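Working notes, beginning with the structure itself.
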Amino acid sequence: MDLLQQLLAAGAVTQQAFGPESRYVGLPIRTLAAPDGTPVSYVSRRFIAAPGAFAVLQRYRVREGDRVDVVAATLVGNPLSYWQLCDANLALEPSDLTGVPGAFIVVTLPAGVPGAPAGG
């Protein structure tokens, strides 16, 4: 076994399955045995912070034809960060954010980023 494999096996080095822009980064991968004994890996549950845990940067008024990925690219700088908008606005479905023209989307710092309110 090479050194990296030994470090991973010992837990001295962690392996990330998700990139830094993912909503799942930092969450542990768990394994469950299926009824036939086959190991099934899954991402542990992700808890979303309460709305008060986010520092509001701006409010954006939804326009007809807006897509959440394009809005995220414009406001957050990355279309894959649409989930940050969903979290801050308690939207279960990304399309909920842009479904009503004239509604507002709150754009925030991610929860836990310095500058965000404590608690939540």
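The values are calculated or read from the model by the stated rules, or taken from the named source; none is laboratory data. Predicted model only: the values in this text are computed from it and were never measured. Surface accessibility is based on the protein's heavy atoms, side chains included, excluding ligands, DNA and RNA. Shrake-Rupley method; radii C 1.70, N 1.55, O 1.52, S 1.80 Å.
For residue 29, the solvent-accessible surface computed with a 1.4 Å probe is close to 80 Å², ligands and nucleic acids excluded. For a test of the definition: using alpha carbon positions, the gyration tensor, and the 1.5 limit on a/c, classify region 21-114 as rounded, prolate or oblate. Taking the square roots of the gyration eigenvalues as a ≥ b ≥ c, region 21-114 is prolate.
Ranked from largest to smallest solvent-accessible area, with a 1.4 Å probe on the protein heavy atoms, 23, 45, 63, 30 come out as 45, 63, 30, 23.
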